[in-house]
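Here's the structure, in structure tokens; my notes come after.
The values are calculated or read from the model by the stated rules, or taken from the named source; none is laboratory data. What you see is a predicted model, and the numbers here were worked out from it, not measured in a lab. Note: ideal-geometry Cβ built from the backbone for every residue, glycine included; neighbour counts use all protein chains shown. Heavy atoms of the whole protein, side chains included, go into the accessibility calculation; ligands, DNA and RNA do not. Shrake-Rupley method; radii C 1.70, N 1.55, O 1.52, S 1.80 Å.
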Amino acid sequence: MSLQAKVILILVLVAVASVVLNYGAQRLVFLPRFASLERDEAREDLERCSRAIDREVEYLDQFCADWAAWDAAHEFMETRDPAFVESNLGILTFTDNEIDLMYFLDPWGRVAWGAAYDLDTEERVTVEGLPQTAWPATHLLLRHRDANSVVKGVLLTSRGPMLVASRPIVRSDMSGPIRGTLIMGRRLGPRLMEKLVHQTGVALRASGLREGFVSSEARDILNALDEQDGCFFDEREPGSLSVYTAYPGIQQQWALLLRVDVPQDVTARGWAAMRFALLYTAAA
């Protein structure tokens, strides 16, 4: 073999080795960093959605607290005056404040007044598990020991997940005696989900984890949640990254399975940059 042929062969081998090493470095080092950045952004989106649900629970609790610490409500629990119902508990109270459910219960769990509405049709509905006449005195929403007591969070019902807040009924100055419990609920349905998506700018989905109604796929995801950050990532759909987490409830450990879908734009840009670098190296 001539010296010229040997030089050409060496240059070709060096060029091939350079391209291979470049590809390996980009594929094993740089591209995973793009994917990690994308996962971090998806995790932040999911955390933002969880905080948005927290804010809605807090808003409902504050509204419930205003009504529960009210002289008129305190007096109603003693007199059962129909004028209080007529003046304050009409359908507009529910629709204007986006409240799906409201119950006034005495200290023994008996219902002084209660109603649940479908806000789309403005018709009364029945919520399985929330009795119309009397609740068990040991019900978790009735556990109030003092005027500042509160129970709030996500309750799983027959009408789907519901944000609920429960407060003891006292006078406006927070003095006793405690004459019962006020419970308010807001269904985590399409109306509220649309609001959460608008607030966060994230494609959020939420499904209830009511016992006996959890799919096998949801169970697998719950079992696969990372112990450190509580997230599970799914990249089965091309061009899309799905991240899941569980949201706690007041009935059990987990009440909601939250899902956020994020387009894999960052990874796509990483692949494009890698292809350009390889072409540039090969051309050189």
- Check off (1) modelled with pLDDT under 90; (2) open to solvent by less than 60 Å² (accessible area, probe 1.4 Å) for Ala246 and give me the number that stays unchecked. (1)
- Among the residues of region 204-229, write down those that are within 18 Å of Pro161 (Cβ to Cβ), of a type outside the set (Lys, Arg) and assigned to a loop (DSSP other than H, G, I, E, B). Leu209, Glu211, Gly212, Phe213, Val214, Ser215
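So which of Leu141, Leu119 is under 29 Å from the mean Cα position of the chain (by Cα), within 15 Å of Ile250 (Cβ to Cβ), open to solvent by less than 40 Å² (accessible area, probe 1.4 Å) and not polar (S, T, N, Q)? Before the answer, list the steps.
Numbers: Leu119 fails: within 15 Å of Ile250 (Cβ to Cβ).
Going through Leu141, Leu119 in turn, the sole match is Leu141.
Looking at this structure, is Ser50 closer than 30 Å to Asp261 by Cβ, of a type in the set (Ser, Thr, Tyr) and modelled with pLDDT of 90 or more?
On the way: closer than 30 Å to Asp261 by Cβ: yes; of a type in the set (Ser, Thr, Tyr): yes; modelled with pLDDT of 90 or more: yes.
For Ser50, the condition - closer than 30 Å to Asp261 by Cβ, of a type in the set (Ser, Thr, Tyr) and modelled with pLDDT of 90 or more - is met.
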- Task: Go through region 73-87 and give me each residue that's outside any loop (DSSP other than H, G, I, E, B) and either surrounded by 14 or more Cβ atoms within 10 Å (Cβ to Cβ) or in contact with a strand residue (DSSP E or B) (Cβ under 9 Å, 6 or more places away or on another chain) (or both).
- Result: Ala73, His74, Glu75, Phe76, Met77, Phe84, Val85
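How many residues are of a type in the set (D, E, K, R) and in a loop (DSSP other than H, G, I, E, B) if we restrict to region 110-169?
Kept after step one, since they are of a type in the set (D, E, K, R), are these residues of region 110-169: 110, 118, 120, 122-124, 128, 143, 145-146, 152, 159, 167.
Filter once more, keeping what is in a loop (DSSP other than H, G, I, E, B): 120, 122, 128, 143, 145-146, 159.
Total satisfying the criteria: 7.
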- Would it be correct to say that Phe63 is open to solvent by less than 60 Å² (accessible area, probe 1.4 Å), touching a residue at least 60 places away in the same chain (Cβ under 8 Å), not in a loop (DSSP other than H, G, I, E, B) and not β-branched (Val, Ile, Thr)? yes
- Message: Condition first: touching a residue at least 60 places away in the same chain (Cβ under 8 Å) and open to solvent by 50 Å² or more (accessible area, probe 1.4 Å). Now tell me which residues in region 196-229 satisfy that.
- Response: Gln199, Asp229
- Message: Can you confirm whether Arg55 is in contact with a helix residue (DSSP H, G or I) (Cβ under 9 Å, 6 or more places away or on another chain), modelled with pLDDT of 95 or more, open to solvent by 40 Å² or more (accessible area, probe 1.4 Å) and under 30 Å from Leu156 (Cα atoms)?
- Response: yes
- Query: Exactly one of (1) in a helix (DSSP H, G or I); (2) of a type in the set (Val, Ile, Thr); (3) open to solvent by less than 20 Å² (accessible area, probe 1.4 Å); (4) within 18 Å of Ile183 (Cα to Cα) is unmet by Thr95. Its number?
  - Reply: (3)
